[in-house]
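Scroll down for the structure; my scribbles are underneath it.
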Amino acid sequence: MLTQDKKALLIGQVTTLSGIPIRTIRYYESLGLLQSTGRTEGGFRQFSSDVLTRLSFIKRAQSLGLSLEEIGEILNVHDQGELPCGEVKEKLEEKVAQIDQQVKQLLTLRAELNGLLSGWEDFPSQHKDTICPNIQKESEIGVHRKN
């Protein structure tokens, strides 16, 4: 048991070794992504040394666009003694599909903005019931003029 205690890291040590703030570590623990091995007599959280591996995985997965919820699902598979690479691959493929959809939407938006800018007019005075006639649809301006 003394050997285990020597390997236990206090939350401050985890912060120093991982570069992750104590507040974040506590948050991850509240979400179930990390589990402390206990507390010292003074009430400080203790973690096993594998917490550093978990924190490194969490940060890398986040940098790849995975949410903490998705990361939790992956860690649950790992905690059941299975290698979660299949789940990771599936989630990353979903991210690629989401990115492809976002790129498509951004390209559509860019085309719309370029079209709008190519027909831009400088209006000499304010138009009644419009804020910027260049971006308000002609049909919308017409509706306001009828009133």
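Numbers below:
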{"read-out": "Vicinal HN-Hα couplings computed from phi for segment 47-58 (Karplus, 6.51 cos²θ - 1.76 cosθ + 1.60; Hz; Gly/Pro x)", "value": "10, 6, 5, 6, 4, 5, 5, 4, 5, 4, 4, 4"}
{"read-out": "Accessible surface, segment 57-122, averaged per residue in Å² (probe 1.4 Å)", "value": "75"}
{"read-out": "Matching label, percent of Cα pairs over 26 Å apart computed from the structure shown, candidates (i) 22; (ii) 41; (iii) 54", "value": "(iii)"}
{"read-out": "Positive-pole candidate from G81, L55, T40, dipole of the chain, charges at beta carbon", "value": "T40"}
{"read-out": "Accessible area of segment 63-108 belonging to carbon and sulfur atoms, whole % at 1.4 Å probe", "value": "56"}
{"read-out": "Over the chain: helical MRE at 222 nm, DSSP H runs n ≥ 4 each giving -39500 (n - 2.57), nearest 500", "value": "-20000 deg cm²/dmol"}
{"read-out": "Environment charge of L92, counting only residues whose C-beta is closer than 14 Å and scoring Lys/Arg +1, Asp/Glu -1", "value": "-3"}
{"read-out": "For the chain: lysine pairs under 22 Å (alpha-carbon distance), excluding those fewer than 8 apart on one chain", "value": "8"}
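The values are calculated or read from the model by the stated rules, or taken from the named source; none is laboratory data. Note that the structure is a prediction, hence the values are computed from the model and not measured. Neighbour counts run over all protein chains shown; Cβ positions are idealised from the backbone, glycine included. Heavy atoms of the whole protein, side chains included, go into the accessibility calculation; ligands, DNA and RNA do not. Shrake-Rupley method; radii C 1.70, N 1.55, O 1.52, S 1.80 Å.
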